[in-house]
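Working notes, beginning with the structure itself.
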Amino acid sequence: MAADDPVTDLRGYDLNLLVVLAVLLRERNVTRTAEQLHMSQAAVSAALGRLRKLFGDPLFVRAPGGMAPTARARSLQGPVRQGLDSLKVAIAGEPEFDPARDAAVFRLGMSDDLEALLLPELIATVTAASPASSVFCLQANRMTVADLLDSGGAQVGVAASAAWGPDIRSRTLFESGYACLYDPVAVGSPAPLTRAAYLALPHVMISADGTRGVVDDVLDAENLTRRRVASTAHFAMAPLLLAGTASVATMPRHAAEVLGARFGLQVCEPPITLPRFTVSALWHRSSSGDPRVRWLVETLGELARTLMPPPGGTDSPAPWDGAPSMNGDPV
């Protein structure tokens, strides 16, 4: 066998270090990594020291609440995870999943507008079909969901976004647009809002950074402005800010309809032209062979077709390795 054979070359490396690295990349905290691996903190710190020497890079730097990966560490996330997943299959064989018999912990990443639409029905469906399984949802947005999937923090993400990286696979769930949400009694205006009323009302903005949203982009193009009286990073907070006040919020229609029905608020079409977007289920390509991920994505697809049926009643599910989707923006 050649001296530079890639298999024999691995003899000089401790592959257990990659397991530690994978969990550190997910947890970004030595204490939590030690707990996950049933190791002492000292052993994890020693392994990190060896990893730094191996890769010639600090890999992690101190950050509030733990550690932040360096650019080199982030570049290792995908290859390390794919390698470990392949080794696991080689040793244990292809995994199986029988929902009625097996227990799975499903970890999803999505924003709270999508939680409001999907999570109650998803939990009910999983509870009925796979009683031993559980569903944990992590807060993620279009800017963070890919990292969450890369690190293994979530198995599946749900988001509306632009093109993903080459390691992310997607399947279209539904198409959505935007709607206005307001307290009809406080506003004193029947639906739908006129353009003049919409521009005159104070606006509650939903934005992760509290700066601007897609509404501002559209109004700017027409040399118009709106008065933003408040901003929140969470769609679920909007009804509490709107109730009893003469103000309006613009948000994805799927969230507006759920929140409007729950809190007795009015939903109407915006009197300005706003883009539509596609919401997709996302997973890392290394998870494509995982039957738990496949079952979860299929279940999300069924729920989406029930909760957000396509216009005209047509139903054309996207293939398992579907194309990337378009992007929903702050509003």
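Read-outs: derived from the displayed coordinates by stated rules, not from any lab. A quick note: this is a predicted structure, and the numbers were derived from the prediction, not measured. Backbone-built Cβ (ideal geometry, glycine too); neighbour counts: all protein chains shown.
Rounded, prolate or oblate: which one fits region 178-268, using the alpha carbon gyration tensor with axes a ≥ b ≥ c (rounded when a/c is under 1.5, else prolate when a/b beats b/c, else oblate)?
Oblate is the answer for region 178-268, as a/c is 1.5 or above yet b/c matches or exceeds a/b.
Under the definition of Cα pairs under 8 Å and six or more residues apart, what whole-number percent is the relative contact order of the chain?
22
At q = 0.06, 0.07, 0.11 Å⁻¹, work out log10 I(q)/I(0) for the chain with the Debye formula, treating every Cα as an identical point scatterer and leaving solvent out; two decimals please.
The Cα Debye sum returns log10 ratios of -0.27, -0.37, -0.82.
Would you mind ranking Ile91, Ile272 by Cβ crowding within 10 Å, fewest neighbours first?
If I rank by nearby Cβ atoms, fewest first, I get Ile91, Ile272.
Any idea what angle helix 291-307 forms with the longest principal axis of the chain, computed on alpha-carbon atoms, 0 to 90 degrees, nearest 10?
10
Name the residue, out of Ser111, Ser231, Ser75, whose mean-square fluctuation peaks in a Gaussian network model built on the chain with Cα pairs under 10 Å.
Ser75
Once you keep just the Cα pairs under 8 angstrom separated by 6 or more residues, what percentage relative contact order results for region 158-307?
43
With springs connecting C-alpha atoms under 10 Å apart, model the chain as a Gaussian network and identify which of Arg262, Arg285, Arg107 has the largest mean-square fluctuation.
Arg262
Using Cα atoms only, what is the angle between the long axis of helix 41-55 and the major principal axis of the chain, expressed in degrees (0 to 90) to the nearest 10?
Tilt of helix 41-55: around 80 degrees.
Students often get this wrong: which residues of region 59-95 have the backbone nitrogen under 15 Å from the point 7 angstrom along Cα-to-C-beta of Thr31?
63-67
Please list 185-196, 132-143 highest first by mean number of surrounding beta-carbon atoms within 10 Å per residue.
132-143, 185-196
If I stretch the segment between Arg262 and Ala191 completely, what's the gain in nm (0.36 nm per residue apart, minus their alpha carbon distance), one decimal?
Roughly 23.8 nm would be gained on extension.
If only Cα atoms are counted, what is the Rg of region 108-226, and what is its Dmax, in Å?
When restricted to the Cα atoms of region 108-226, Rg and Dmax are 18.5, 56 Å.
Efficiency by 1/(1 + (r/R0)^6): what FRET value for Asp98 and Ala236, r their Cβ-Cβ distance, R0 = 35 Å, to the nearest 0.05?
Taking R0 as 35 Å, the efficiency between Asp98 and Ala236 is 0.50.
Suppose a student asked you for the relative contact order of region 6-92, using Cα pairs under 8 Å spaced at least 6 residues apart; what percent would you report?
27 percent.
Quick check: Cα centre of region 141-193 to Cα centre of region 250-305, how many Å?
6
Determine the percent antiparallel among the DSSP beta bridges restricted to the chain, to the nearest 5.
Rounded to the nearest five, the antiparallel share is 65 percent.
Against the longest alpha carbon principal axis of the chain, how many degrees, from 0 to 90 and to the nearest 10, is the axis of helix 16-27 turned?
That works out to roughly 20 degrees.
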